[in-house]
Amino acid sequence: MAIEKEGTSNKMDVDDPQRISVIYDKLKVSGCLQLMKKIPCHPASREDILTVHTADHWDKVMSYSLMTDEDIEHSEMFYGEKSLYVCRDTPIAARFSCGGVLEAGRAIARGEVKKAFAIVRPPGHHAEPLDAMGFCFFNNVAVTTRVLQKTTQFKRILILDWDVHHGNGTQLAFLDDPSVLYISLHRYDQGRFYPTGKFGSMNSRGEGNGFGYSVNIPWPTKGMGDAEYLWAFQKIVMPIAMEFSPDLVIVSAGFDAAEGDELGECNVTPPGYAHMTAMLCTLAEGHVLVALEGGYNLGSISSSAVAVVETLLGKPPLSINSLSVSEYGTETVWLVAREQSGFWKSIDVDSCEPNPGPRPQPPNLAETLKEHRQAFIYSGECLLSLPLLFDTARFFEGQVACTKDFGNSDVIVLFLHEFGKLSVLPDQATFNVQEEFTRLV
Ligand SMILES: [Zn+2]
């Protein structure tokens, strides 16, 4: 949903107005449109927007309509840094976008349709109660959730966010609210991927009464595809969603995790999106509202959107062959399962454990030496193991030791111990280079 590398992307190349028209045209060509009903769209009102955003934020966005050409030119860099396009039509576009999602939700609540797909722009999931960012001005999905909760029978709402970016604005809007379950699958890259920081990490799980109702599935790297997404759905998303038992599912449907999207660099295919949609349609008596968020490859977003809509219309998803979950995917799902299992009873941590593979691993000399060193340094009872609080700490567990008076000392002397050089010498008889033939030089 945002420009990842400052200065390397042309803004107009990214959030292209054609994103709307290509999806619409492809729905027409595929025959979906003829099976759908158009829902009249109205701009969201100030009252609607204020269910999530502050009056100051509303005023600020509304004031864009008064900007002169000079104001726009002078502020371009300021808004560019926040990944925002601003012009005099921004306020009405943002209100229509939000109103589009809201009217689709109202149509479901009135029973006119059971499922809906809102093709809207600008997107919303980065917009926070106090601020606009990442192409988003008003949080379309969050406002729809709040207004529907206030005015319709939909009280418990699941927001599933499969946009490749973390929906910081949406999670923030419901952080302490147990009536809204927010689940996001996104690239995290140890906090370096947009919107950056720790808010999208797996231990960011909500606050107060809402603790446990924010579920982040943060991918550590690019390249995640159908296998990883469907594995996460089977092991985390669906068990938690069924336990939560929502009245309505709203999907923050960015298609920037789609195969071909240069910002997301992931590989979810149209059948992958169809399978996720099919699973979500088993919840909430089939009440599902899908709202467009990001996605910047016109071909990818339109094919993905058609696959989602066909599924909403009842077509079974195409089968996907050879689903092999990567090590990163298995590891992430397992760690999230461990994090969430204390709160959600339906999570089966054991079934998520990374598969060690069919072949027994050869003894690892480095690990053996590490264990020996640990046993040696802790045996004299003069050293304590220092707890580590960063994400990958488990790799270094027991490897950082300190003296007992560590906290009271003015001077800290740090020793780094390195093993000798490990080299693999081929077994002379077989030329086998397995690790059991590793020698310490
Ligand atoms: Zn995005």
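The values are calculated or read from the model by the stated rules, or taken from the named source; none is laboratory data. Given the structure is predicted, the values throughout are model-derived calculations rather than measurements. Every residue, glycine as well, gets a Cβ built from its backbone with ideal geometry; the counts of neighbours run over all protein chains shown.
Restricting attention to region 94-128, the residues being among the aliphatic types (A, V, I, L, M) and under 25 Å from the mean Cα position of the chain (by Cα) number 9.
Taking region 67-98 as the range and being out of contact with any Pro (no Cβ under 7 Å at 6 or more places or on another chain), crowded, with 23+ Cβ neighbours inside 10 Å and not hydrophobic (A, V, I, L, M, F, W, C) as the test, only Ser83 passes. Scanning region 98-113 for residues that are out of contact with any strand residue (DSSP E or B) (no Cβ under 7 Å at 6 or more places or on another chain), touching a residue at least 24 places away in the same chain (Cβ under 8 Å) and not basic (Lys, Arg) turns up Cys98, Gly99, Leu102, Glu103, Ala109, Glu112, Val113. Taking Ser300, is it within 16 Å of the ligand (Cβ to nearest atom), of a type in the set (S, T, N, Q), touching a His at 6+ places or on another chain (Cβ under 7 Å) and modelled with pLDDT of 95 or more? When the stated conditions are applied, Ser300 does not pass them. Filtering Val143, Val113, Val101 for residues that are of a type in the set (A, V, I, L, M, F, W, C), assigned by TED's automatic domain parsing to the domain that holds Leu230, surrounded by fewer than 24 Cβ atoms within 10 Å (Cβ to Cβ) and in contact with a helix residue (DSSP H, G or I) (Cβ under 7 Å, 6 or more places away or on another chain) leaves a single hit, Val113. Given the structure, is Pro91 within 25 Å of Gln18 (Cα to Cα), at pLDDT 95 or above and not hydrophobic (A, V, I, L, M, F, W, C)? When the stated conditions are applied, Pro91 passes them. Figure legend. Inter-residue proximity from region 261-278: first residues within 12 Å of His165 (Cβ to Cβ), second residues away from the ligand (no atom under 12 Å from the Cβ) and of a type in the set (A, V, I, L, M, F, W, C), beta-carbon distance below 6 Å, spacing 6+ or different chains. Indicated pairs: Cys266/Met224.
With respect to Ile119, is the statement that it is away from the ligand (no atom under 16 Å from the Cβ) and in the same structural domain as Pro246 (by TED's automatic domain parsing) true? Spelling it out, it is not the case that Ile119 is away from the ligand (no atom under 16 Å from the Cβ) and in the same structural domain as Pro246 (by TED's automatic domain parsing).
Matching residues to (1) among the polar types (S, T, N, Q); (2) under 19 Å from Tyr213 (Cβ atoms); (3) at pLDDT 95 or above; (4) out of contact with any Asp or Glu (no Cβ under 6 Å at 6 or more places or on another chain):
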{"residue": "Leu230", "(1), (2), (3), (4)": "no, no, yes, yes"}
{"residue": "Ser245", "(1), (2), (3), (4)": "yes, yes, yes, yes"}
{"residue": "Ile250", "(1), (2), (3), (4)": "no, yes, yes, yes"}
{"residue": "Asp261", "(1), (2), (3), (4)": "no, no, yes, yes"}
{"residue": "Glu265", "(1), (2), (3), (4)": "no, no, yes, yes"}
{"residue": "Pro270", "(1), (2), (3), (4)": "no, no, yes, yes"}
{"residue": "Ala278", "(1), (2), (3), (4)": "no, no, yes, yes"}
{"residue": "Glu285", "(1), (2), (3), (4)": "no, no, yes, yes"}
{"residue": "Leu292", "(1), (2), (3), (4)": "no, no, yes, yes"}
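Scanning region 303-329 for residues that are in contact (Cβ under 8 Å) with a residue 40 or more places away in the chain, assigned to a helix (DSSP H, G or I) and of a type in the set (Val, Ile, Thr) yields Val306, Val308, Val309. If I filter region 311-356 down to residues being in contact with a helix residue (DSSP H, G or I) (Cβ under 7 Å, 6 or more places away or on another chain) and charged (D, E, K, R), which single residue comes out as farthest from Tyr188 (Cα to Cα)? Looking at residues that are in contact with a helix residue (DSSP H, G or I) (Cβ under 7 Å, 6 or more places away or on another chain) and charged (D, E, K, R), I get Lys345.
Considering only residues in region 158-187 that are without any contact (Cβ under 8 Å) to a residue 40 or more places away in the chain and surrounded by fewer than 24 Cβ atoms within 10 Å (Cβ to Cβ), the one that is nearest to Ser83 (Cα to Cα) turns out to be Leu175. Pairs linking a residue in region 199-227 that is more than 11 Å from Ser184 (Cα to Cα) to a residue that is crowded, with 22+ Cβ neighbours inside 10 Å and of a type in the set (Lys, Arg), with Cβ atoms under 9 Å and 6 or more positions apart or on different chains, are Pro220/Arg187; Thr221/Arg187; Lys222/Arg187; Met224/Arg187.
Tyr213: out of contact with any helix residue (DSSP H, G or I) (no Cβ under 6 Å at 6 or more places or on another chain) and either polar (S, T, N, Q) or in the same structural domain as Ala142 (by TED's automatic domain parsing) (or both), yes or no? When the stated conditions are applied, Tyr213 passes them. Answer yes or no as to whether Ala55 is free of Cβ contacts under 8 Å to residues at least 40 places away in the same chain and either among the small types (Gly, Ala, Ser) or crowded, with 21+ Cβ neighbours inside 10 Å (or both). So Ala55 fits the description; yes. Among what's in region 156-190 and is aromatic (Phe, Trp, Tyr) and farther than 18 Å from Asp256 by Cβ, pick the residue that is farthest from the ligand (Cβ to nearest atom). That would be Phe174. Taking region 351-431 and the strands (runs of 3 or more DSSP E) fully enclosed by it, no element has 3 or more residues that are among the hydroxyl-bearing types (Ser, Thr, Tyr) and at pLDDT below 75.
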